[in-house]
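To start, the structure itself, in structure tokens.
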Amino acid sequence: VQLQASGGGLVQPGGSLRLSCAGSGNIFSDNTMGWYRQAPGKQRELVAIISSGGTRNYADSVKGRFTISRDGAKNSVLLQMNSLQFEDTATYYCYVLTRGASYWGQGTLVTVSS
């Protein structure tokens, strides 16, 4: 399984970015995809995940600002991030859980700075 993430960058507070992740390989139709992030000096934390059935879960810190969506046929997942804050600065990692096995993408850096 391979996950290719893209879309990170530098944005001002209040701005928006969209992250995308395309999965390939042996990803079964019953899976959960999503995003985690890790800020410098902190542990990796869940941002948002979405199951193949469309159930979404968000970290409290991003609710109302971030939206996760997916294209199941293509095993791809998008994260629309609005109203970005300084605290959102982190490396964002794409994630897939399929038949009990988890896989991670290479990470894409999001920097919120004025």
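Here are some notes:
- Taking first residues from the stretch 1-29 that are of a type in the set (Lys, Arg) and partners that are assigned to a strand (DSSP E or B), the Cβ contacts under 8 Å between residues at least 6 apart in sequence or on separate chains come to ARG18/LEU78; ARG18/LEU79; ARG18/GLN80; ARG18/MET81.
- Out of PHE86, PHE66, PHE28, sole residue that is within 11 Å of the chain's Cα centre (by Cα) and of a type in the set (Phe, Trp, Tyr): PHE66
- The stretch 103-114, subset open to solvent by 60 Å² or more (accessible area, probe 1.4 Å) and assigned to a strand (DSSP E or B), residue farthest from GLY9 (Cα to Cα): TYR103
- Within the stretch 54-102, being in a strand (DSSP E or B) and either in contact with a helix residue (DSSP H, G or I) (Cβ under 8 Å, 6 or more places away or on another chain) or under 13 Å from ILE27 (Cβ atoms) (or both) holds for ARG70, ASP71, SER76, VAL77, MET81, CYS94, TYR95, VAL96, LEU97, THR98, ALA101, SER102.
- Residues located in the stretch 38-76, provided they are surrounded by 12 or more Cβ atoms within 10 Å (Cβ to Cβ) and either more than 16 Å from TYR95 (Cα to Cα) or of a type in the set (Gly, Ala, Ser) (or both): ALA39, ALA48, SER51, SER52, ALA59, SER61, VAL62, ARG65, PHE66, SER69, GLY72, SER76
- Sole exception among (1) at pLDDT below 95; (2) open to solvent by less than 40 Å² (accessible area, probe 1.4 Å); (3) not in a strand (DSSP E or B) for SER29, by number: (2)
The values are calculated or read from the model by the stated rules, or taken from the named source; none is laboratory data. In this text, all values refer to a predicted model and were calculated from it rather than measured experimentally. Here the Cβ is made from the backbone with ideal geometry for all residues, glycine too, and neighbour counts use every protein chain on show. Side chains included, ligands, DNA and RNA excluded: accessible areas come from the protein's heavy atoms. Shrake-Rupley method; radii C 1.70, N 1.55, O 1.52, S 1.80 Å.
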